[in-house]
Amino acid sequence: MAELVFFSGTMDCGKSTLALQMDHNHSARGRVGLIFTKMDRAGSNVLSSRLGLSRGALEVSDDLDLWEAVVHCATAGRRVDYLVCDEAQFYSAAQVEQLARVVDEMDVDVFAFGITADFRTELFPGSKRLLELADRVQVLQVEALCWCGRRATTNARVVDGAMVVEGEQVVVGDTKSGQSGVVEYEVLCRRHYMRRMTAHAARSAALSPEVLPFDLDVCALPPRPITQSE
Ligand SMILES: [Zn+2]
């Protein structure tokens with residue numbers, strides 16, 4: 001019986017590496033799969049991991065119907081046993097529903113990999129639908145670590161060196177986009193996310209004469225609490 005499985009985690013937890021490993025394991029057993037991704041850091045039509053591995057993939061555009069795409073392959077005589085879907089947080093809710101249909105009606109396994117929440121700690125639409133529909137949700141065991149050494153559970157957005165909690169939901173990192181400056185992401189534990197304490201801010205505070213290094217946590221409270229409306 002085919003399954004829709006959602007492998008979730010933060011950035012830096014090795015999702016893309018596992019996606020490539022999953023493809024390798026299944027193809028080594030003689031199964032045939034299709035690999036999809038969207039806005040991979042290495043560009044279009046490629047699935048890459050931070051460890052340096054990469055391979056070709058089909059790019060999921062906003063208007064791609066994943067059900068149609070798989071039916072098209074099958075009709076053309078191509079065997080499809082499984083799909084590996086990376087960066088699934090960026091897929092639309094409708095595309096996740098198409099994946100569920102592929103599982104149920106074509107008996108094709110779907111292994112989706114994605115970040116659950118965005119830089120505001122709100123669910124991405126694709127991840128939300130996956131959490132709702134998946135047969136299994138597996139939280140990845142390779143834990144990303146905050147600069148303080150705690151388990152990182154959030155992805156902070158840093159623009160021109162400063163952490164932000166407002167803005168477009170999707171801005172790909174390591175890019176300079178128009179007025180918004182250089183966008184980077186940093187994984188943080190919840191405590192340091194709430195205090196907007198990135199590694200850089202922590203270092204600056206440690207160098208400041210008014211702040212004792214061991215008081216970092218209590219000295220870094222943001223001016224006001226973070227609310228849903230931000
Ligand atoms: Zn921390």
query = Which residue pairs have Cβ atoms under 7 Å apart, sit 6 or more places apart or on different chains, and have a first residue in region 143-154 that is more than 14 Å from residue 185 (Cβ to Cβ) and more than 8 Å from the ligand (Cβ to nearest atom) and a second that is open to solvent by 50 Å² or more (accessible area, probe 1.4 Å) and basic (Lys, Arg)?
reply = 143/151; 145/151
key: Selection status of residue 80, under 20 Å from residue 6 (Cα atoms) and over 13 Å from the mean Cα position of the chain (by Cα)   = yes
ask   = When you look at residue 164, is it within 16 Å of the ligand (Cβ to nearest atom), closer than 21 Å to residue 202 by Cα and surrounded by 13 or more Cβ atoms within 10 Å (Cβ to Cβ), yes or no?
value = no
key: Complete set of residues in region 182-208 that are more than 21 Å from residue 170 (Cβ to Cβ), near the ligand (Cβ under 10 Å from one of its atoms) and open to solvent by less than 50 Å² (accessible area, probe 1.4 Å)   = 189, 192, 197, 199, 202
key: Considering residues of region 75-91 that are out of contact with any Lys or Arg (no Cβ under 8 Å at 6 or more places or on another chain) and not in a helix (DSSP H, G or I) only, the residue surrounded by the most Cβ atoms within 10 Å (Cβ to Cβ)   = 85
note = If you go through 23, 62, the only one that is among the acidic types (Asp, Glu) and assigned to a loop (DSSP other than H, G, I, E, B) is 62
key: Search result, residues across region 38-60 that are touching a residue at least 40 places away in the same chain (Cβ under 8 Å) and touching a helix residue (DSSP H, G or I) at 6+ places or on another chain (Cβ under 8 Å)   = 38, 39, 40
task = Would you mind stating whether residue 105 is in contact with a Lys or Arg (Cβ under 9 Å, 6 or more places away or on another chain), open to solvent by 50 Å² or more (accessible area, probe 1.4 Å) and over 21 Å from residue 171 (Cβ atoms)?
result = no
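The values are calculated or read from the model by the stated rules, or taken from the named source; none is laboratory data. Since the model is a prediction, treat every value here as computed from it, not as a measurement. Cβ: placed from backbone, ideal geometry, glycine included. Neighbour counts: every protein chain shown. Calculation scope for accessible area: heavy atoms of the full protein, side chains included, ligands and nucleic acids excluded. Shrake-Rupley method; radii C 1.70, N 1.55, O 1.52, S 1.80 Å.
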